[in-house]
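The next block holds one structure in the form of structure tokens; read it before the comments.
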Amino acid sequence: MITAFVEGGVIVAEEEQYAIEMIGITKRFPGIVANDNVTLRLKKGEIHALLGENGAGKSTLMSVLFGLYQAEEGIIKKDGKEVHITDPNVANDLGIGMVHQHFKLVQCFTVLDNIILGVETTKHGFLQKEEARKKIEEAEEKYGLKVDLDAKVEDITVGMQQRTEILKMLYRDNDILIFDEPTAVLTPQEIVELEKIMKNLAKEGKSILFISHKLNEILETADRCTVLRRGKCVGTVNIKDTNEEELSRMMVGRDVQLVVSKDEAKPKDVVLDVDNITVASRVHKTNAVKNVSFTVRAGEIVCIAGIDGNGQTELIYGITGLSPLTGGSVHLCGKDISSAPIRERSKLMSHIPEDRQKHGLVLDYSLEYNMILQRYYEPQFTSKAGFLRRRNIREYANRLISQYDVRSGQGPVTIVRSMSGGNQQKAIIARELDKKPKLLVAVQPTRGLDVGAIEYIHRQLIAQRDAGAAVLLVSLELEEVMNVSDRILVMYEGEIVGELDPKKTTTEELGLYMAGAKRQDRKEAEK
Amino acid sequence: MEKKKSSFLRNETFLSVAAAIICILVGLLVGFLVLLAIKPEGAWAGILAIIKNFFNYPTKAAAMKYLGNTLVKTAPLLMCALSINFCYKVGLFNIGAAGQYVVGAAACLYAALAWNMPWYVCMILAMIAGGIFGLAVGFLKAYANVNEVISGIMLNWIGLYLTNMILGNVKESTSPYTVNVKGSALIPSLGLSALFSNNKYVTIAVPLSIVFAILVWVVLEKTKFGYELRATGYNKDAAKYAGMNEKKNIILTLMIGGCLAGLGAAFLYLTGYEQWSTTQSSVPGMGFNGIAATFLGGLSPIGTIFASFFIQHITSGGSYLDKSVYPSQISDLISAIIIYLCGFVMFFKLVMNRRAAAREEAKAEAAAQTPAGASVSAAAAADARQNADDGKEEGGKKE
């Protein structure tokens, strides 16, 4: 059942009291209406999901609520009283906390310092960190969000940084909690934990708004769900009255295939041969990847599964050349690339990086300049004299933009920083796939994307496979691992502890390998 | 209509120019206040004298001659500013430009005076000397991760004393100054001096420095090399991911920066306008003023041309302060204050950008609040939606 609210501020008589009401919110950016008369009402103590495609305006709406943007039209009420949230400090005073999609942490501070930053308790001007530590440790214990409080943020994984953000909110005793795609980086087990935490928090009277693309998560966790499409509010539904198909239809505006169909893989020659490699950790002095060997053949998708932080990142760094190998060798199409420069590798290999803003994009460059980031030196983009061929670049960018449906405010000249996360990812995917690589390395390519985009990317991965490319996929999402891959390698503490066939295994078995509870002797398995 | 106006207010170039002008005005105002505080009766005349610079001369011929002098010193300043600007685009702060300028002076003067080399050879040697100093900073940065500011500042002093030592061999026997540059070592004027009342110091160095500014702009904005360098400056992780050689780019950038600053010295000393004092114990301010010129110029090589001229104009203008009213150091102080405030361009730009954004929002809010009553507001909302849709279409067309 869809309860469409009357637009324009006519209040529907309701018994319940709302913690937050956002009525008729409109927010414009140059060339785009990010929110178009959107109405959202958050009941006290409920978990309210906000669902929508990339660029549908979910993050913008939440930023309006959090005071990062001011809406051109519409009003916000808290507990029935109209409020003007002019900046995040006002939001914080009203008890509104937010975990952003891209974390707002000071890289060179410790976790503890980051959590107390801005609300430090002091005595005679000196920091009282021990009090804070106690409070945080209690929260850690209570919600099972273990983080090393003394580690520096730059040294911990994305998953840990996310936990820091959540703790930050809990530490501030906020009672309206906004989660911007909180589960995107968590492991399946952690997601279950988080869902429990969210339910507990709601039970204690906290109201939760969370943005998610994952329909199953919304169905499991949320009480109600508001769906946005292209900036407009499609409707609000009660979760118990709806299902996955209806939600995805509301979000995308058409039927979406949730499981991608694919033919049997026809593996051919070995494209990537990883032999006994070792890679140093980015954090510790130890090796994060220990004596890993595997091959990827043309025409197959091999998926590295595992919980975040078990050496997948370093393994990919070693293969793509971002980090040097400390042992072993890597062959690409029969050529030893163990110590080859990145440029040489990238001629045969495409790499969709894990951290799209750190590695994948130059955020202050225009979209067209980002589209040529991996091939700007080619004769079609650079003349013999070393000048950029701007017309070719524009044409090329326009082709990729339309072919891969990359949405942005001003087309090829849009500064990438102003684009939504999903469209930034699409830009990278367009750039990397258009290179027609022999080997495609994709690290969490669907992280933070909506079902429509995920479906699209999965199709692209399979199309690359069918076109004869070898695909190495690193994923934290069990569903993705099971649906897309032809072969699964499970990584645990820097080693490959199992090789599984997705058709013969179950998510439960996969989970046991990922958690280190089970392991194969691979030499035996290969026999 | 409104949209156009707001985008104009937040237009990059417009903002840079406006912020630069505000900085200059604030700088002049503070300078005036300082003069006022020291001796009120001479303040107005004093600040006017600084602003007027060469216009202090009553005849046009004399004014042109002294305009020429300002231009002669603008050329080296512009080169130093370009050096800093170029490196800044790659995320490097080349404070070592001052030292690179100094060794450039050593190389060109020694080549001219000891070896009687022609001017173009001297110029090339100045470039090489500055380049080597830049290279040293670059190597330390790329391979030992030594901050370029620290190594740059230390090299400034090494450069200064090295230069004093080398040029001690070609100084006048009775004074600490180097002997006059003569003959083929002087940069040719090609008739330019005639334009400035036969000011013989005005040479092709002036137009050459402008050519270099344009060249720097072209390299940064139009070439593959510039694309790489700016990408490295914006995000070195992405540059690495894209297979760019970050270490090579850092070294090259600082080397080119060094060449530009070194050449700047040749542009001044090979005109014969100034002699090097081998007993000086401070690094010439040219490289440091270059920092102010870069920022005043909105970090654009083209803007830097005008900014450099203005800064040199104020510096030269300082000497016209009435010495009977103010002690001679005051002129330097006032110029320094004005130049210092020129460095605040970024700050003013930020403030203006925020104000423009706030104004737009206030307008939107006012527009939303005018209609009263639920039915009216519903209609207004519908209207707004219509407008928004129109806007979207417009945006789509633009793409």
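Computed from the coordinates by the stated procedures, all read-outs in this text should not be read as laboratory data. The model shown is predicted, which means the values in this text are computed figures rather than measured ones. For neighbour counting, all protein chains shown are included, and Cβ atoms are generated from backbone atoms with ideal geometry for every residue, glycine included.
Tabulated values for the structure
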{"read-out": "Residues with amide H under 5 Å from that of residue A:73, placed H, sequence gap 5 or more", "value": "A:26"}
{"read-out": "Which of A:225, B:259 has the fewest Cβ neighbours within 10 Å, and the rest in rising order", "value": "A:225, B:259"}
{"read-out": "Where labels lie 7 Å past Cα in the beta-carbon direction, separation of residue A:216 and residue A:139 in nm", "value": "3.0 nm"}
{"read-out": "Calculated [θ] (222 nm, deg cm²/dmol) that DSSP helices of n ≥ 4 give over chain B, each run adding -39,500 (n - 2.57)", "value": "-25000 deg cm²/dmol"}
{"read-out": "Proxy reagent accessibility, fewest Cβ within 10 Å first, across A:475, A:366", "value": "A:366, A:475"}
{"read-out": "Semi-axis lengths (Å, descending) of the ellipsoid that matches the C-alpha gyration tensor of the stretch A:366-405", "value": "19, 9, 8"}
{"read-out": "Principal semi-axes in Å for the stretch B:221-347 [√(5λ), Cα gyration tensor, largest first]", "value": "35, 18, 12"}
{"read-out": "Along each principal axis, Cα extent of chain A, largest first, Å", "value": "69, 54, 50"}
{"read-out": "Label-point gap, in nm, between residue B:149 and residue A:395 - each point 7 angstrom along Cα→Cβ", "value": "4.6 nm"}
{"read-out": "Residue-span extension gain [residue A:240 to residue A:335] - 0.36 nm each, minus C-alpha spacing", "value": "28.6 nm"}
{"read-out": "Amide H within-cut-off set for residue A:211, under 5 Å, with H built and near neighbours excluded", "value": "A:50, A:179, A:180, A:181"}
{"read-out": "FRET efficiency, 1/(1 + (r/R0)^6) with R0 56 Å, evaluated for residue B:347 and residue B:61 via beta carbons", "value": "0.85"}
{"read-out": "Cβ neighbours within 10 Å from other chains - mean over A:366-374", "value": "2"}
{"read-out": "Residue A:269 long-range amide H proximity, modeled H, under 5 Å", "value": "A:298"}
{"read-out": "Simple spin-label estimate for residue B:158 and residue B:248 in nanometres, 7 Å along Cα-Cβ", "value": "2.6 nm"}
{"read-out": "From phi via Karplus (6.51, -1.76, 1.60), per-residue ³J(HN,Hα) for the stretch B:112-129 in Hz, x at Gly/Pro", "value": "6, 8, 8, 10, 6, 6, x, 4, 5, 5, 4, 4, 4, 5, 4, 4, 5, 4"}
{"read-out": "Order of A:130, A:120, A:354 under a 10 Å beta carbon neighbour criterion, fewest first", "value": "A:130, A:120, A:354"}
{"read-out": "Burial order of peptide ranges A:84-97, A:482-495 (average beta-carbon count within 10 Å, highest first)", "value": "A:482-495, A:84-97"}
{"read-out": "Environment charge at residue A:444 (Cβ cut-off 12 Å; Lys +1, Arg +1, Asp -1, Glu -1)", "value": "-3"}
{"read-out": "Subset of A:152/A:290; A:58/A:196; A:58/A:146; B:224/B:349; A:43/A:78; A:123/A:168 violating a 19 Å alpha-carbon distance limit", "value": "A:152/A:290; A:58/A:196; A:58/A:146; B:224/B:349; A:123/A:168"}
{"read-out": "In order through the stretch B:27-34: 3J(HN,Hα) via Karplus (6.51 cos²θ - 1.76 cosθ + 1.60), integer Hz, x for Gly, Pro", "value": "x, 5, 4, 5, x, 4, 4, 5"}
{"read-out": "CD proxy at 222 nm, helix term only [per DSSP H run n ≥ 4: -39500 (n - 2.57); per residue of chain A; nearest 500]", "value": "-9000 deg cm²/dmol"}
{"read-out": "Chain B: angle of helix B:205-222 to the longest principal axis, Cα-based, in degrees nearest 10", "value": "40 degrees"}
{"read-out": "Under 21 Å from residue A:335, Cα to Cα: lysines that are on another chain or at least 8 residues apart", "value": "A:268, A:347, A:435, A:436, A:438"}
{"read-out": "Efficiency of FRET between residue A:192 and residue A:521 - r from beta-carbon atoms, R0 22 angstrom, step 0.05", "value": "0.15"}
{"read-out": "Peptide A:354-364, shielding by other chains (average Cβ, 10 Å cutoff)", "value": "4"}
{"read-out": "Gyration tensor (Cα) of the protein assembly as shown, equivalent ellipsoid semi-axes in angstrom", "value": "57, 37, 26"}
{"read-out": "Share, in percent, of DSSP beta bridges within the protein assembly as shown that are antiparallel, nearest 5", "value": "60 percent"}
{"read-out": "Stretch in chain B that is longest and holds no chymotrypsin sites (Phe, Trp or Tyr not before Pro) that DSSP places in a loop and that have at most 16 other beta carbons within 10 Å", "value": "B:116-399"}
{"read-out": "Karplus 3J(HN,Hα) series, Hz, for the stretch B:83-99 with 6.51 cos²θ - 1.76 cosθ + 1.60 (x for Gly, Pro)", "value": "4, 5, 4, 4, 5, 4, 5, 9, x, 10, 9, 8, 6, x, 4, 4, x"}
{"read-out": "Taking the stretch B:60-326 and dividing mean pair separation by its residue count, relative contact order in percent (alpha carbons under 8 Å, at least six apart)", "value": "38 percent"}
{"read-out": "Cβ-isolated cysteines (cut-off 4.7 Å), chain B", "value": "B:23, B:80, B:87, B:259, B:342"}
{"read-out": "At least 15 Å along the helix axis (C-alpha) and Kyte average at least -0.5, DSSP helices within chain A", "value": "A:158-171, A:188-203, A:451-466"}
{"read-out": "Computed over the stretch A:102-172: relative contact order in percent, which uses C-alpha pairs under 8 Å that are six or more apart", "value": "48 percent"}
{"read-out": "Rounded to 10°, Cα long-axis angle of helix B:286-296 versus longest principal axis of chain B", "value": "20 degrees"}
{"read-out": "Peptide A:336-342, shielding by other chains (average Cβ, 10 Å cutoff)", "value": "1"}
{"read-out": "Average Cα contact separation per residue, chain A, under 8 Å, 6 or more apart, as relative contact order %", "value": "15 percent"}
